[in-house]
Amino acid sequence: MFHPTSPIETERLVLRVHVPEDIDSLYEIRSRPDVNTYLYSEAMSRAEVQAKLDERIAKFSKLTEPGDSLLLAIVRKDTGVLIGDVSLAWLPGDHRQAEIGYVLHPDHYGQGFATEACQPLLWIAFEDLNAHRVRGRLDARNTASARVLEKLGMRKEAHLRENEFVKDEWTDEIEYAILIREWTA
């Protein structure tokens, strides 16, 4: 079980639960078509982002049991600006698995922020949730996201051809993962 009672700090970032005041920053991110290129959703309206934010605040602020997800805002320490979000899903079942995900504003791509934000989530998955394996899944065309997972020590386990029908086209999906024994090595 994991329930963040205070923000998680890294060298350059603060990871915290979402608050109602995040609406403007989240809208700036989620309304951009380029951010949504490899996601399941299209660019969102302000009302859609508000509904998602309300849901995050109500349902995704702690990990109590398998099936729960934690979504945290990524905030730069130096500017106080919300630059994206990161997620940890505690997968249901008896297999002790979790999944990480992340979305950043394009102005903050290529600076190591996604990797830095995901590192504490791996720690939570392995240390607090006792996960055996943590995975990350992505659209095969998203090479930048693949590099993030590789920097986290994950290895490519599968390339699923035309695995999902997303935005009117068949897309390939790649799965990366890391085992607890690899993480502690």
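FYI, it's all coordinate maths here, none of it is from the lab. In this text, all values refer to a predicted model and were calculated from it rather than measured experimentally. Glycine gets a Cβ as well: all are built from the backbone with ideal geometry, and neighbour counts include every protein chain shown.
Result for the chain in a Gaussian network model with C-alpha springs under 10 Å: among Leu91, Leu149, Leu160, the largest mean-square fluctuation is at Leu160.
Remark: the stretch 8-184 carries a charge dipole of roughly 360 debye about the Cα centre, counting +1 on each Lys and Arg Cβ and -1 on each Asp and Glu Cβ.
Bridge orientation summary for the chain: considering DSSP beta bridges with both residues in this region, about 95 percent are antiparallel. Between His132 and Ala58, the simple label model (points 7 Å from Cα in the Cβ direction) yields a spacing of 3.5 nm.
This ranking places Tyr27, Tyr40, Tyr109 by how few other beta-carbon atoms lie within 10 Å of each, fewest first, which gives Tyr40, Tyr109, Tyr27. In whole percents, the pair-distance distribution calculated for the stretch 8-184 from its alpha-carbon pairs, binned every 10 Å from zero, is 10, 37, 41, 13, 0.
With R₀ set to 25 Å, the beta-carbon distance separating Glu21 from Asn142 gives a calculated FRET efficiency near 0.25.
Inter-label distance, Arg46 to Thr10: 3.1 nm, where each label sits 7 Å from its Cα along the C-beta direction.
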